[in-house]
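Readers should treat all values here as calculations from the given coordinates under stated rules, not as data from a laboratory. Only a predicted model underlies this, so the values are computations on that prediction, with no experimental measurement involved. Heads up, the Cβs are rebuilt from the backbone with ideal geometry, glycines too, and the neighbour counts pull from every protein chain shown.
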Amino acid sequence: MSSADAADVFHLDGHDVPFTTGETVLAATSRAGRYIPHLCWHPDFAPHGSCRVCTVRVGARLVPACTLPAATGLVVESDTAELRHLRLRLLQLLFVEGNHFCPSCEKSGDCQLQATAYAVDMTGPHFEEFYPARPVDASHPDILLDLNRCILCSLCVRASREVDGKSVFALGGHGIDTHLLIDSPSGRLVDTDFAPTDRAASICPVGVILPKRRGFAVPIGERRFDQQPISAAEEGDP
Amino acid sequence: MPATSPISRCDPQAVIIRHGSDPHALVQILRELQAELGWLPREALTRVATALGLTLAEVEGVAGFYRFLHLRPVGRYRVLFSDNITDRMLGSEALLQALCRQLGVVPGAIVGDDPLVSVDRCSCTGLCDQGPALLVNHHQVVTRLDATRVAQMAELIRTRVPVPAWPAEWSLVEDRIERADVLLASPPAQGAALAAAIARGPQGLLVEIERSGLRGRGGAGFGTGRKWALCRKAAGTGRVVVCNADEGEPGTFKDRVLLSRHADAVFEGMTLAAFAIGARTGFVYLRGEYRFLLEQLEAVLQQRRAAGLLGSSICGVAGFDFDIVIHLGAGAYVCGEESSLLESLEGKRGNPRVRPPYPTESGYLGQPTIVNNVETFCAVTAITLRGAAWWAAIGTAQSSGTRIHSVSGDCARPGLYEYPFGTSIRRILEDCGAADTQAVQVGGPSGVCVAVNEFDRSIAFEDVPSAGAFMVFDRQRDMFEVARSFTHFFAHESCGFCTPCRVGTALLVRRMDKLAAGHGSPHDLDALFEIDRLLRGSSHCGLGATAGNPLRETFNRFRPAYERRLRSLHLIPGFDLDAEVSIARQVTGRDDPAAHLEQQG
Ligand SMILES: Cc1cc2nc3c(=O)[nH]c(=O)nc-3n(C[C@H](O)[C@H](O)[C@H](O)COP(=O)(O)O)c2cc1C
Ligand code: SF4
Ligand code: SF4
């Protein structure tokens, strides 16, 4: 099979989606300008498969589209009532796990979690809130880390390691106590060589890693996902 | 850093050098450092990170993943009560409370920088046939706990008697073999199966294993011969054989006995696999709870090397080079899942990998790898010696050979029972002296619950499959509490990688606890089943996918145990105001009626 073989297509909700050898269903879908909701996947990085929001149906199986190798003739269902409901519940799990007070969040309107929640018609948390006690790290002169909003997608971990060559972040703990670690003796961001120009500084899909002194430069109502729903937005960093 | 920095008590460098400064040995290095230091101070993590070329956060992330590695001080005596339901049925909770009372400590709490003792619970230690059991300093076990033992233990701890000087009979681990069939009765003579395999050649051996119909004993039941054939023909250099001795499924202890009694048959099975697929490297992933077996296993390996059955030119065959390293786990059930196991072997957090690629294509350090259960390797040795036809004639058409059951719970004779596949549950219950049985949990919490009207069903892949546990519950037992205990187990063991399991198992626990506290409503049952569906539909690995099994399996059979806990047919909030002020009560030392909010209802 040559990688430029135009006959290589799979079927997503009745549409033909072309793919190249080695591509995943989500990568090909995204390249074709179609939308499958996702949070921990980013076109520039290897898939992680942890948020499960991109779960699709292939026959009897439910599988994440981000790690599913595309194959000729594969029949993939994504935009169905079953999967919209599954994604709604997964997003609600992420919301109750952290502390997300959208109206006071600098990322509101630019946030993929919030925008994806709109895309699946989420109106409330459904599950009981955990209200975890999570720290805010304001030690760095230019960057604020508000871990209350972390969804453990590991994009910052991957970006800092693979693009910035710094490995400023890592995941620690286990189970419901899984959390983001900062690589410095003090465990605080100020003692790392993190810089606002790092790729990792702009990758966070939610409002954890934020530039300081840039409060509400774009008014709420005029932000990225206020302009158009996430399903129509360009893939990539906010 | 306090003046008495614990790191002054040991030299991390020596441990690191002993492991060739290999970052893939990180879990082993941390485990050994902690054995000397008691816990892992940041200073020690920093030195390890520097020496291995890792970041401090990476090392901290790995250490924080494993339940038996500690980033904060713990007691110099670290006592962990095995918290399987079978331990509880034998009175473990009262004994834990008694020990805590006598030592003046609170379960799970750590006070001060260098406390004398800390007491907590851990997942099943695999000693269900001689419980209640506990683990001290992640090394020594104490079995058959009773009030006398606990009182004496409190005294030994208070007077700071070192654990190795405690009464030897406390740590006696019995190999209770109650019914032996072909595997347990007659372990083959050392080296005999290897000689037979060499006569047949690798391809001949592979054909023999495939023809035997042997399916893996670790749970999934994948054809062993097929797995080996896939690995043999995979592209890529190097081949690795891994023995999965993580035995983390609560209620399972057959692998412990096999390793203790038949280590030669296990190692020989691994060597046969190496011969068949062309591997030079072998690992045994031994669960941390079985640390007490390490020295005797190393001795068997040493003896096999001396006998020319491991090392280079095995049995004098030029080019047949293979050796085995034992890797100790550090308290993580998920590391029994084969791809998590490989991550852990590589010195990382034990998160399951994305598949494909499967381990047979890309496993340990990218090399094609087979992972098989301890019992599978024992069977391989027997089959190689006595032939595929002999094995296939035992059991049923779809499930050849025998299965070893770890029997525990309400029965007169707990221990190991080996039967041909196709044996009925009733027969096993009769043999182990179970009376007035209400249910059997087959295959552990992730397995199935079988009620009285199903006792004529048989253990086989095509009927009631089993990963080896057989926990018996009589009519006195509350099956809701059984399910609640198992639900806690899954939440405690979730690796935290994927959303549904990380958050969903925590929510299951909250709801089950709410029911247990008598605050449940039918709405909570609906919510529980909804989370179960979410877990089954979207979890990354089998842990999350089966975490709702105890709920579903027991609810379908023992509905009244749930229904009598429902307080009303109306919704009752999950938020308990009175519980929320418990911290204030603790701080003020009050527990009088006036310090409680009025109970509703
Ligand atoms: C959460 C989880 C835990 C597991 N624990 C074990 C275990 O302790 N021992 C084991 O042999 N297999 C365990 N397995 C199954 C392994 O992934 C794998 O299928 C098995 O080791 C393969 O060996 P076999 O083919 O000989 O059965 C576990 C699987 C899951 C999903
Ligand atoms: S900080 Fe942001 S990018 Fe990093 S893991 Fe958390 S949510 Fe993902
Ligand atoms: S299902 Fe649970 S144990 Fe498995 S990867 Fe997800 S969080 Fe980890």
Practice problem: Work out the length of the dipole vector of region B:179-392 about its Cα centre, built from +1 on the beta-carbon of each Lys and Arg and -1 on the beta-carbon of each Asp and Glu, and round it to the nearest 20 debye. | Solution: 400
Practice problem: Multiply the residue gap between B:VAL325 and B:VAL207 by 0.36 nm, knock off their C-alpha separation, and tell me the result in nm, one decimal place. | Solution: 39.7 nm
Quiz item: What lysines sit close enough to A:LYS107 to cross-link, taking a C-alpha to C-alpha distance under 18 Å and skipping anything fewer than 8 places away on the same chain?
Solution: A:LYS212
Practice problem: Considering the options A:CYS102, A:ALA217, A:ALA159, tell which one lies farthest towards the positive end of the dipole of region A:89-227, charges being +1 on Lys and Arg and -1 on Asp and Glu at the Cβ, about the Cα centre. | Solution: A:ALA217
Practice problem: Just rank A:CYS156, B:CYS122, A:CYS102, fewest to most, by other beta-carbon atoms within 10 angstrom. | Solution: A:CYS102, B:CYS122, A:CYS156
Self-check item: chain B - charge dipole about Cα centre, Lys and Arg +1 at Cβ, Asp and Glu -1, debye rounded to 20
Solution: 780
Quiz prompt | Radius, Kirkwood style, for the protein assembly as shown when every pair of distinct Cα atoms is counted (Å) | solution = 28.6
Practice problem: Determine, for B:LYS254, B:LYS233, B:LYS227, B:LYS348, the number of other Cβ atoms within 10 Å of each Cβ, and report the residues in order from fewest to most. | Solution: B:LYS233, B:LYS348, B:LYS227, B:LYS254
Quiz item: What nm distance separates the two modelled labels at B:ARG590 and B:ARG305, each placed 7 Å from Cα along Cα→Cβ?
Solution: 6.7
Self-check item: Size-normalised alpha-carbon gyration radius of region A:3-79, reference 2.2 N^0.38 Å
Solution: 0.98
Exercise. Treating cross-link reach as a plain straight distance, find the lysines whose alpha-carbon is under 30 Å from the alpha-carbon of B:LYS233, omitting any fewer than eight places away in the same chain.
Key: B:LYS348
Quiz item: Among B:VAL173, A:VAL25, B:VAL317, which comes first, second and so on when ranked by fewest other beta-carbon atoms within 10 Å?
Solution: B:VAL317, B:VAL173, A:VAL25
Quiz item: For helix B:224-233, what angle does its Cα long axis make with the longest principal axis of chain B, in degrees from 0 to 90 and rounded to 10?
Solution: 60
Practice problem: Select from region B:26-91 those trypsin sites (Lys or Arg not before Pro) which occupy a DSSP coil region and have at most 11 other Cβ atoms within 10 Å, ordered by residue number. | Solution: none
Quiz prompt | C-alpha long axis of helix B:192-212 to longest principal axis of chain B, angle in ° | solution = 70
Quiz item: How high is the FRET efficiency between A:VAL190 and B:SER313 when r is their beta carbon distance and R₀ equals 56 Å, given to the nearest 0.05?
Solution: 0.45
Exercise. With r as the distance between the Cβ atoms of B:VAL106 and B:LEU365 and R0 = 35 Å, compute the FRET efficiency 1/(1 + (r/R0)^6) and round to 0.05.
Key: 0.20
Quiz item: Once the convex hull of the C-alpha atoms of chain B is built, how many Å³ does it hold per residue, rounded to a whole number?
Solution: 160
Self-check item: Dipole magnitude of the protein assembly as shown, debye to nearest 20 (Cβ charges: Lys/Arg +1, Asp/Glu -1, about Cα centre)
Solution: 840
